[in-house]
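So the structure is just underneath, and the comments pick up after that.
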Amino acid sequence: MKNKPIPDKPYICPDADITILPMSRNDIDEILEIENVSFPGPWSMSIFEKELKNPFSFPFVARFDKTETKTIAGYIIVWLVAEEAHILNLAVHPDFRRKGIARLLLEFMLDFLAGRSARVVYLEVRRSNISAQRLYMGFGFSEIGVRKEYYSDNKEDAIVMGLEMACKSRAAKVV
Ligand SMILES: CC(C)(COP(=O)(O)OP(=O)(O)OC[C@H]1O[C@@H](n2cnc3c(N)ncnc32)[C@H](O)[C@@H]1OP(=O)(O)O)[C@@H](O)C(=O)NCCC(=O)NCCS
């Protein structure tokens, strides 16, 4: 399988003490801890391993620079096929929430996708997940459809959101 193009350098945000890096196999144990407390139907280790091998998948982690071990504060996984991108996963450790880390990850990812000529970005979000919907709306995403009873654990609907890259807006700066 061909190597995936990844950024040459880590993306460092000194204001937030966060560095964004491509996800690696060694990150998965830490990621699973966040995944398991973030979603009713968390992904398994093998799903993350598959994403690392998938040439269309771009997984990144945000590491908090102030701890010795550089704790993983959050992660994002996006597929890019031709000009169409799909956000598959985004989560932030509960201890790091409401500090602008998801916004930072999304901002990084949208720049990354713009650099690879993505034209449109899609995602699904639970109808009840107002926090995430507000986050995405801050970047200019809007509701474009509904997938009825999409989530198997509770048959909740998914709101499909989309963003034309030409319309992406900058959310406020990380604090
Ligand atoms: C949704 C999630 C990723 C947000 O991460 P975060 O780092 O706390 O988000 P940020 O601090 O970057 O917040 C950015 C904006 O998102 C919205 N937001 C985030 N958390 C919110 C909350 N608890 N209530 C309301 N709005 C919220 C706000 O608009 C916020 O801007 P503001 O702080 O200026 O009001 C995080 O809560 C999480 O991991 N949740 C569980 C997993 C999940 O739902 N993932 C998304 C799947 S589609």
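Output the residue which, of all residues in segment 1-29 that are among the basic types (K, R) and either surrounded by 13 or more Cβ atoms within 10 Å (Cβ to Cβ) or modelled with pLDDT under 95 (or both), is farthest from E156 (Cα to Cα). Quick ask: steps written out before the conclusion?
Taking segment 1-29 and keeping what is among the basic types (K, R), we get 2, 4, 9, 25.
Next cut, either surrounded by 13 or more Cβ atoms within 10 Å (Cβ to Cβ) or modelled with pLDDT under 95 (or both) only: 2, 4, 9.
Details: K2: 38, K4: 35, K9: 40 Å.
Out of the qualifying residues, it is K9.
Go through segment 49-97 and count every residue that is over 15 Å from E35 (Cα atoms) and among the polar types (S, T, N, Q).
4
Kindly evaluate W43 against the criterion of being assigned to a strand (DSSP E or B) and either aromatic (F, W, Y) or under 15 Å from the mean Cα position of the chain (by Cα) (or both).
Judged against the criteria, W43 is not a match.
Exactly one of these conditions fails for A166: (1) at pLDDT 95 or above; (2) loosely packed, with under 12 Cβ neighbours inside 10 Å; (3) hydrophobic (A, V, I, L, M, F, W, C). Give me its number.
Of everything listed in (1) at pLDDT 95 or above; (2) loosely packed, with under 12 Cβ neighbours inside 10 Å; (3) hydrophobic (A, V, I, L, M, F, W, C), A166 misses just condition (1).
For a quick check of your reading of the model, give me the residue pairs whose first member lies in segment 90-102 and is farther than 16 Å from V78 by Cα, whose second is of a type in the set (V, I, T) and near the ligand (Cβ under 6 Å from one of its atoms), with beta-carbon atoms closer than 6 Å and at least 6 apart or on different chains.
Taking only residues 6 or more apart or on different chains, the pairs are I101/V92.
Could you list, in sequence order, the residues of segment 23-49 that are away from the ligand (no atom under 14 Å from the Cβ) and either in contact with a strand residue (DSSP E or B) (Cβ under 6 Å, 6 or more places away or on another chain) or farther than 18 Å from V78 by Cα (or both)?
M23, N26, D27, D29, E30
Go through I144, I130 for me and flag whichever is farther than 21 Å from T19 by Cβ, without any contact (Cβ under 8 Å) to a residue 12 or more places away in the chain and among the β-branched types (V, I, T).
Of the residues listed, the single one that is farther than 21 Å from T19 by Cβ, without any contact (Cβ under 8 Å) to a residue 12 or more places away in the chain and among the β-branched types (V, I, T) is I130.
Quick one: how many residues across segment 30-68 are more than 25 Å from Y150 (Cα to Cα), exposed (fewer than 14 other Cβ atoms within 10 Å of the Cβ) and in contact (Cβ under 8 Å) with a residue 12 or more places away in the chain?
Final tally of qualifying residues: 3.
Every residue, every condition in (1) under 15 Å from the mean Cα position of the chain (by Cα); (2) surrounded by fewer than 20 Cβ atoms within 10 Å (Cβ to Cβ); (3) closer than 19 Å to E35 by Cα, yes or no:
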position: R103; (1), (2), (3): yes, no, yes
position: V120; (1), (2), (3): no, yes, no
position: V125; (1), (2), (3): yes, no, yes
position: F141; (1), (2), (3): yes, no, no
position: G145; (1), (2), (3): no, yes, no
position: Y151; (1), (2), (3): no, yes, yes
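The values are calculated or read from the model by the stated rules, or taken from the named source; none is laboratory data. The structure presented is a predicted model; accordingly, all values stated were derived computationally and were not measured. Please note: Cβ atoms are built from the backbone with ideal geometry, for glycine as well, and neighbour counts cover all protein chains shown.
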